[in-house]
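Everything below concerns the one structure shown next.
Every number here is computed from the coordinates shown, using simple stated rules; none is lab data. What you see is a predicted model; the values in this text were computed from it and never measured. Note: ideal-geometry Cβ built from the backbone for every residue, glycine included; neighbour counts use all protein chains shown.
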Amino acid sequence: MGIQQLFAWLENTSVAAAIRQSTWMFPTIETVHVLATVMVVGSVTMLDLRLLNVAYRDRSIRELHEEILPWTWASFLVAAIAGSLLFSSSATKYYHNFTFRMKMLFLLLVALNAAFFELRTYPRVANSDRETPIPLAAKIAGAVGLLLWIGVVAFGRWTGFTK
Amino acid sequence: MIQEFCDWLANTPLSLKIQTIMWIIPAVQTAHILCVALVMSSMAMLDLRLMQVAGTRQPVSRMIDRFVPWIWCVVPILLTTGTILIIGEPSRELLNPYFRTKMVLLVTVLVITFVIQRKSSRDAAYWDTRKIASILLGALSLLLWVGIVTAGRWIAYY
């Protein structure tokens, strides 16, 4: 089964049809998606701003990392589930939608940036305390993360304006 | 009267400009949502602390000093971007019950936040020694912010 057929099948499941036909289900799931998304973006921004030495300078990177990221991940899980339900309601339409594809591309780049930071950069900066200067690699990870998330939100919002 | 104001506003040169340039509304909405992300996550962290759910290793006053100053910087940006959206589509917002609900919830939560910050700045241990009030206000504030985001999204569906 090709990807087109897969999405055509998805769109015809009873859940997808129910979301598409109901007047209240799409806005309600969308609200959950927005709430979870603002928690993901807002919380990860806190860490990014710390990496850029802009905010929360009284905290070590490890402290923030341990305190914030569990909430980021929990919120991401909710956002992804709600987003998948929204996607299913018009799967083939979204699959062909340029802004939606850009959003997915930016999410992929977010994941690569985060994976690189976690595996390579974080072990080097985790033990640095509030006085230690932040290495360039960590600053770049923070700046790139911020910009990519702005892209995700912008393309996500734009998708709502496209047919 | 509000209808007449909306009609007048929709015909001002600034509104017409916003209406004709396609990308302005999505771009301003994007900026608005990014600011909501900052406020919502900061306030959720503080509210969860007030509710004794998260960050309990630290005193409430430290969380207030860390998170509340943010919202006084970001809320004016939200008001500015929100005003641009209203100028662009006055009837969509001002005549909309979800928008009006959102504004009432917003004013309420800002008053509550101001009180929480003020009590803490006069007596750092204020909320640590008043657990019940702290839990209730934290829960109320979180509920109000969730309500604000929900009402905000539903404006589009009225």
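Tabulated data for the structure shown
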{"read-out": "Using a Förster distance of 41 Å, the FRET efficiency for B:Lys17-A:Phe116 (Cβ separation, nearest 0.05)", "value": "0.45"}
{"read-out": "Where trypsin sites (Lys or Arg not before Pro) fall in DSSP loop in segment B:17-70, at most 15 other Cβ within 10 Å", "value": "B:Arg57"}
{"read-out": "Ellipsoid semi-axes in whole angstrom, largest first, where each is sqrt(5λ) of the Cα gyration tensor of chain B", "value": "35, 15, 13"}
{"read-out": "Zone of B:Leu95's modelled label, taken as backbone nitrogen in segment B:4-32 under 20 Å from a point 7 Å along Cα→Cβ", "value": "B:4-20"}
{"read-out": "Descending principal axes extents, the protein assembly as shown, alpha-carbon based, whole Å", "value": "57, 50, 39"}
{"read-out": "In segment A:1-85, trypsin sites (Lys or Arg not before Pro) in a DSSP loop with at most 16 other beta-carbon atoms within 10 Å", "value": "A:Arg57"}
{"read-out": "Net charge of Cβ neighbours under 13 Å - reference B:Gln19; Lys, Arg +1; Asp, Glu -1", "value": "+1"}
{"read-out": "Cut-off of 10 Å, at most 14 other beta carbons, DSSP loop: longest stretch of chain A lacking such chymotrypsin sites (Phe, Trp or Tyr not before Pro)", "value": "A:25-160"}
{"read-out": "Neighbourhood net charge (12 Å Cβ-Cβ; Lys/Arg +1, Asp/Glu -1) for A:Asn97", "value": "+4"}
{"read-out": "Pairs beyond 32 Å (Cα-Cα), from B:Lys102/B:Lys131; A:Lys139/B:Lys17; B:Lys17/B:Lys102; A:Lys139/B:Lys119; A:Lys103/A:Lys139; A:Lys103/B:Lys102", "value": "A:Lys139/B:Lys17; A:Lys139/B:Lys119"}
